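Single-structure report; data block below.
The values are calculated or read from the model by the stated rules, or taken from the named source; none is laboratory data. Remember, it's a predicted structure, so these values are computed and weren't measured experimentally. Note that each Cβ is placed from the backbone with ideal geometry, even for glycine, and that neighbours are counted across all protein chains shown. Remember, those area values only see protein heavy atoms, side chains included, never the ligands or the DNA or RNA. Shrake-Rupley method; radii C 1.70, N 1.55, O 1.52, S 1.80 Å.
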Amino acid sequence: MDLTAVAKPCSFGDKGTSDVVLRLRNSEGRPEWFYSHSSVLVSKSRFFADRLSNPGSGSCIEIHCSDSTYDHHVNLLRLLYLPTDSLLDSLDSVQSALAVLRLAIAFCCEDVTNCCIQYLEAVPWEDKEEEQIVKEVSELGPVAMPILARIQPVDLSATKNVFISAVRFATSIGGSCPPFGDELKTSAQEQVEFMLGGDEDTPLVTANDEVKSVVKSGLSQVCSLFENELSSFLLVPDITAETAETRILQCLSDVEWMCNILPKMDLMKDFVCSWGGMSRKILEIVEDKKLDNAMWVLKVKLIEVTGKVLEAVGYGNVILPAPCRVQLLKTWLPYIRKIKPLLDTKADEDTDFPYKMDEDLCQSIEGAIVSLVLALPSNDQADILTDWMKTEQLKYPDLSEAFEVWCYRTKSAKRRLMEGLDRVGNTTISL
């Protein structure tokens, strides 16, 4: 066969001009003949070029294929007859392009291979398609790796920049972005949480000073917004107005979100200090007479956030000086003691009343308070326990365990003191 002859215009399956026949087994197991042209096959495929360069190859080439790949083999042969600039337009699905790519690499069809890679790299993927593409590309080798550009790991600097931008958006640093500001902010918060998941690069990002600075600014921003919204709430003519209540709850939701992510960045102490700094003002507002029978959801949410703060301090995850721990307890303990029976009463009066402290929340707060009390200096413990026993609400939080431990410690301390004095006296007499 003369492979040096000048190629003439020809089309796939044209028997009149064909000089090579491809024998392809069809899906029913019967061989099917495709009239082809050596000039096309040689110029578009190194596999066919090598086969046809063999003097003993003859004018018939047999190609073995399975039932599942038969149609893709036919598609590849048709693509060999298209001009290079028309190949992209001929691809119409991820599945088809992936199957043709596999064959194009096997038959060393460079133009078709490059076209399939370009197509797969650019078009959108469904979730299932992405899983298949990752699997296929890993088997096809380096030539197909450009397809995975969109899911390749980015460098640490790029990750840091994306994380910082997401935090700014999530905390409204620089202002919101109407008209879809709240929706986009919520999405940014979700992505920040996802990025803080168990990834080996996460500690490297969160330990970055610039990242910590932006997160701290975000904390300051959300706390300031919540405090401002809450302060202006009492000035609203109708405190039951849904718009005003929604704004406050959204701001508190942002604060709670910060409370959830900061432990993952070893910044929970910053949150505890911020919460402690605005606690008095918060309670002054929510305990105003105007809110005696309103904003129950806000009151419960405040207890939930405070519970997380009490846990962080009570169990030693956040280390604070004793005066700060005492102040935290003395600020929130009376409110918790007051609000719990009110919520229980409302629930008893109305079985559909949705705002209550569930059992898990009650137990976690009580446990944190007991732990916190027991870690205070003895005199501070005595003050808190005395105040607890003077109130009518002894049932919750129940500090009887703390009281028992305090009594035992006090007796032990007195006994140690007396034993110490006896030893000093005996030493003096012996001298």
For this session: Divide by every residue of the chain the summed helix terms, -39500 (n - 2.57) for each DSSP H run of at least 4, and state the resulting mean residue ellipticity at 222 nm, rounded to the nearest 500 deg cm²/dmol.
Result: -21000 deg cm²/dmol
Seminar exercise, completed: Probe 1.4 Å, all chains present, heavy atoms only: Ser364 accessible area in Å², nearest 10, is 30 Å²
For this session: Go ahead and run the numbers for FRET between Thr17 and Gln95, Cβ-Cβ distance against an R0 of 30 Å, rounding to 0.05.
Result: 0.35
Problem set entry | Gained length - Thr351 relative to Lys135, 0.36 nm times residue gap less alpha-carbon distance | 72.3 nm
Exercise. Between Leu291 and Glu359, what length in nm is gained on full extension when 0.36 nm per residue of separation is reduced by their alpha carbon distance?
Worked result: 22.0 nm
Exercise. When only the heavy atoms of the protein chains count and the probe is 1.4 Å, how do Ser232, Ser172 rank by accessible area, highest first?
Worked result: Ser232, Ser172
Exercise. So, counting K/R as plus one and D/E as minus one, what does the shell of residues with Cβ under 15 Å around Arg325 add up to?
Worked result: -1
Problem set entry | For the chain: accessible area per residue (Å², 1.4 Å) | 56 Å²
Exercise. Tally Lys/Arg at +1 and Asp/Glu at -1 over every other residue whose Cβ is under 11 Å from the Cβ of Glu229; what's the total?
Worked result: -2
For this session: Can you send over the solvent-accessible area of Met278, 1.4 Å probe, protein chains only, in Å² to the nearest 10?
Result: 10 Å²
Problem set entry | Heavy-atom accessible surface of the chain: percent carbon and sulfur, 1.4 Å | 53 percent
Exercise. Of Cys60, Cys362, which has the most accessible area with a 1.4 Å probe, and how do the rest follow in descending order?
Worked result: Cys60, Cys362
For this session: Give me the net charge of Ile133's neighbourhood, meaning all other residues with Cβ under 15 Å from the Cβ of Ile133; Lys, Arg count +1, Asp, Glu -1.
Result: -4
Exercise. Helix 127-140 versus the longest principal axis of the chain: what angle, 0 to 90°, nearest 10, using Cα atoms?
Worked result: 60 degrees
Exercise. R0 = 51 Å: FRET efficiency of Ala207 with Asn54, Cβ-based, nearest 0.05?
Worked result: 0.20
For this session: Starting from the Cα of Lys356, draw a straight line to each of the lysines and keep only those under 21 Å, dropping any in the same chain fewer than 8 residues away.
Result: Lys289, Lys290, Lys299, Lys301, Lys308, Lys338, Lys340, Lys346, Lys395
Exercise. So for Thr69, Thr171, Thr246, what's the accessible-area order with a 1.4 Å probe, most first?
Worked result: Thr246, Thr69, Thr171
